[in-house]
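Step one of this worksheet: look at the structure below.
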Amino acid sequence: MPRLLESHIAVVTGSGSGIGRAIALGYAREGARLVLLDINEKAAAEAAREIGDAGGKAESFALDVTRREDCVAVAKQVADKVGPVSILVNNAGIARRNGMTGAAEAVIKDWEDVIAINLTGVFNVTHAFLATLRAARGRIVNIGSIQSFVHVRTPSSPAYTAAKHGVLGFTRALAAELGKDGVRVNAIGPGFIETPLNAAARANNPELAKTFVAHTPLGRAGTAEDIVGPAIFLASDLSSFVTGSIVMADGGYRTI
Ligand SMILES: NC(=O)c1ccc[n+]([C@@H]2O[C@H](COP(=O)([O-])OP(=O)(O)OC[C@H]3O[C@@H](n4cnc5c(N)ncnc54)[C@H](O)[C@@H]3O)[C@@H](O)[C@H]2O)c1
């Protein structure tokens, strides 16, 4: 059986860890050549090595998605060294769990960091790869959240909810604009997924996971692997008439 992403070159941001790493490995299993981008150069290189060891093709590059000029430079390096990109997964992200009422300095720093990485970072990388994605009639997959729709009862920052709402808005706007070019733009809304992103929060506050799971019809936390199927679906021809959508992979969190 032909693999679903054969002959594609796929860029995944934040692919040194968690969901991004799982998506990169999953895309490689489906035949894509991977470009792994992460601020953590070593982690991205390790993931690329793992793909190579399994018989896949992968290159890694260091990138801080908040640095717009660096995004443009990496897009050029990728074009020169790897080839034309046809899939972009905007996954890099951070979480902060402080509300608005803490010390002003901390609240402002959370806002600036989260918006810069989780929202402006998505814009920066998309803009840098836009010409090649249009030429390839490519696919963009943005990682949203249940917080693309709602805030949560567990500790989280307004910045994170605002950024993830923004990611969904950006997804819809881009889908509307790029549809005529054959570029499809969709999002995935993961629920509570056990990754290094929330490892400290889970360790320090065991009630956090319990609160999420109690609100989740499937009755468990997710794994990074739970996001891989939706990510393959949205990048492949299986979703040829799907654009501007968000696929929730949240165990049903938003149904109750
Ligand atoms: N884990 C969850 O429960 C959950 C739920 C919903 C959405 N998400 C989203 O999924 C995405 C991935 O999260 P994860 O849980 O896999 O986290 P993670 O911490 O395991 O991985 C995030 C990766 O992004 C990289 N990164 C951070 N800042 C960066 C920057 N400025 N430039 C480039 N790379 C950067 C990190 O080095 C890391 O490798 C994020 O956008 C997150 O908001 C996660």
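The values are calculated or read from the model by the stated rules, or taken from the named source; none is laboratory data. For clarity, every value in this text was computed on a predicted model and none was experimentally measured. Here the Cβ positions follow ideal geometry from the backbone for every residue, glycine too, while neighbour counts run over all protein chains shown. Side chains included, ligands, DNA and RNA excluded: accessible areas come from the protein's heavy atoms. Shrake-Rupley method; radii C 1.70, N 1.55, O 1.52, S 1.80 Å.
With all protein chains in place and a 1.4 Å probe, the accessible surface of the chain carries 56 percent carbon and sulfur.
Normalised per residue, the accessible area of the chain is 46 Å², obtained with a 1.4 Å probe and no contribution from ligands, DNA or RNA.
Cα centroids of the stretch 57-97 and the stretch 170-241: how far apart, whole angstrom? Here the answer is 20 Å between Cα centres. Among 183-193, 33-43, 101-111, 13-23, sorting by the average number of other beta carbon atoms lying within 10 angstrom of each residue, highest first, gives 13-23, 183-193, 33-43, 101-111. Placing a pseudo-label 7 Å from each Cα along the Cα-to-Cβ vector at Ala176 and Val72 gives an inter-label distance of 2.7 nm. Given H placed on each backbone N at 1.01 Å, which residues far from Gly222 in sequence or on other chains put an amide H within less than 5 Å of it? For Gly222, the qualifying residues are Phe192, Ile193, Glu194.
Net charge in the neighbourhood of Pro2 (other residues with Cβ under 15 Å of its Cβ; Lys, Arg +1, Asp, Glu -1) is -1. Close amide H partners of Lys57, meaning residues 5 or more places away or on another chain with modelled amide H under 5 Å apart, are Leu34. As a length-normalised measure over Cα pairs under 8 Å and 6 or more apart, the relative contact order of the chain settles at 19 percent.
Over the chain, dividing the summed -39,500 (n - 2.57) contributions of all DSSP H runs of at least 4 residues by the number of residues returns a 222 nm mean residue ellipticity of -13000 deg cm²/dmol. Database remark: amide H of Gly244 closer than 5 angstrom to the amide H of Val185, Asn186 (H placed geometrically; neighbours at sequence offset of 5 or more, or on other chains; Pro and chain starts carry no H).
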